[in-house]
1. Return, in residue-number order, each cysteine of the chain whose C-beta is not under 4.7 Å from any other cysteine's C-beta.
2. Sum up the charges of everything whose Cβ sits under 15 Å from the Cβ of THR50, counting Lys and Arg as +1 and Asp and Glu as -1, but leave THR50 out.
3. Rounded to the nearest 5, what % of DSSP beta bridges with both residues in the chain are antiparallel?
4. Give me the three principal axis extents of segment 131-285 from the C-alpha atoms, as integers in angstrom, largest value leading.
5. Once segment 2-74 is represented by equal point scatterers at the alpha-carbon sites, with solvent omitted, what log10 I(q)/I(0) does the Debye formula produce at q = 0.14, 0.19, 0.27 Å⁻¹?
6. What area, in nm² and to one decimal, does the C-alpha convex hull of segment 305-433 cast on average over all directions?
7. For LYS523 and LYS126, compute 0.36 nm times the residue count separating them, minus their Cα-Cα distance, and round to one decimal in nm.
8. Within a Cβ distance under 13 Å of LYS61, other residues only, what is the Lys/Arg minus Asp/Glu net charge?
Amino acid sequence: MKFYQVIPLTKISIRDPQVLTYKSKEALSPGSLVLIPLKTRYEKGIVKETLKKPQKKLKIKPIEKVLLSSPVVSPTILTLAEKISEEFLEPLGLVLKLFLPRVFFTRKRLEKLNIPDFPKKKTAKKQPKPILLWSDDRWNYYKKEIQKTLKQNKQILFLVPEIEKIDIFKNLLFQLTDKVEVFHSDIRTKKEFEIWQNLIKGKIQIVIGTRSAIFLPFSNLGLIILDEEESSSYKSWEMHPRYHTKKIAFLLASQFQSHLILGTSLPSIESFYLAKTKQIKLIEKYKKPKTKIELVDQREEIRFRNFSVFSRKLQTLLSQKTKEKTKILLFVNRKGLAPTIFCRNCGYTLKCKHCEAPLVYHKKGLLVCHHCGYEIEAPGVCPKCGSWKLRFFGVGTQRVFDALKKARDNFWENKEINIFRLDGDIPKKRQKEIINYFQKSESGILVTTSAIFKYPDLYFDLSAVVFIDNLLNFPDFQIEERVFHILFKLQSISKEMLVQTYKPDFPLFQFFQKGKIKEFFQKELKERKRGFFPPFSEVIKLTYKQKSKEKGSQKIEK
């Protein structure tokens, strides 16, 4: 009888052992796929290693069935999965499951699958220092490094934040080699397994894809490119296991001693800090956009009794520019209409006293915090300045879209101009139709959210930020960075830009209007250091779920 340490491919509390001991008469290799009893059910598991003899006299259960005796993960993958599990405090089995194709979990009979032998990992003698490439034109630098890696007969992983961005580089990569594969979460199960097989066999030189591509079975990885490294799409926070692709890229590069390039038009503050402290090398080829930027003080609009979502300046621009062929973008921070209460005199938004999140107005005159459940009655005057000018405000894409159509039909000379809305509620097929229209047409108005940023090759004569102040009220140390990146991305696709705000003197808007990017970064780093926020610390979010509010509060207090 032989004894094995097995990693169950299921969620096990991180407080409990992630590797369990089983026995079998069969000789198994590390990486074999087996079926194991776990409490009252059966789960698939990966053999980690052989044990000579268990140290403790415990009742050890036998392995129910050997599903695949050939290894389905390499020692490199096992090590990397353990590092990821430790880094993100996620169950090891769920992390390891990310490295396996779906066919292992959807197909009933696995013994007929062709599992190639994993080649021995090849590594360089010394890992080059990772590079932060701050440039609008990154392809020429990428191309040079890709060609160098291909000559060394090594594999390349090219990551982009969204599926829509793959086409930007795919054809350029095929000009360098025909051994290119596209990988993302939407590909079919059969194609996914085919790519998995061919990568192990060494038939693929370059993989371009979204964040899921980082879990493919590379054996001779020489270069990792993470384009638009600042993108939040590289974070997987919506379900377990939660992870950040950029951090895994650093772990993967270290595992293979491979070259890592972080490409960006505007880096994240954490990457900027790594470059500033010489932990990574900075290559800066950034050129400031020549976009004309104007800030509109919305407090002045109230004084002139303009209660429209559009300022007088924006109304004039819309009326004038629609007379000629022009493409206009109106940006709204959200698609929803849930109203918050804010003061039109000083711009203050009513917040939760416990977690500082904006309070949302509900029926019966209650203000509710959607983060912690705190409730209060809606006040009659502003708690900050004492003004009675409190308003419900929920500017979403639909409200702006309706206001635009009304203005066009009643006030503009050009009543034929097309107006579109693009946000997360619009089906993907319709989104593509709208984007194709703006890529080909010379005229039109688009009301949108951050959904616009995943589509390339767009440019507008005028971009106007209708409302973004509500974002600045969120209790998040990264919120100003997020807003700055939104504004910068809009600037990069606009000839002219207008920002409506109740806080025109706010440092963020001043830095942005004057193009002082590094000064903004320095200010943010100084504030984060003072508050002991990343990159000067690690922040861990603990979430406890309980159906009963009272029981939940009692458990948390313990």
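1. CYS355, CYS372
2. Numbers: positive: LYS2, LYS23, LYS25, LYS48, LYS52, LYS53; negative: GLU26, GLU49.
Here the count lands on +4.
3. Taking every DSSP beta bridge with both residues in the chain, the antiparallel ones total about 40 percent.
4. Here the Cα extents, ordered largest to smallest, are 44, 39, 29 Å.
5. With one equal scatterer per Cα and no solvent, log10 I(q)/I(0) is -0.38, -0.72, -1.40.
6. Convex hull of Cα atoms, orientation-averaged projection: 10.3 nm².
7. Length gained between LYS523 and LYS126: 139.4 nm.
8. Working: positive: LYS23, LYS39, ARG41, LYS59, LYS65; negative: GLU43, GLU64.
Neighbourhood net charge equals +3.
Each value in this text was obtained by applying a stated rule to the coordinates, not by laboratory testing. Predicted, not measured: the structure shown is a model, and the values here were computed from it. Methodologically, a virtual Cβ is constructed for each residue, glycine included, from the backbone with ideal geometry; neighbour enumeration extends over all protein chains shown.
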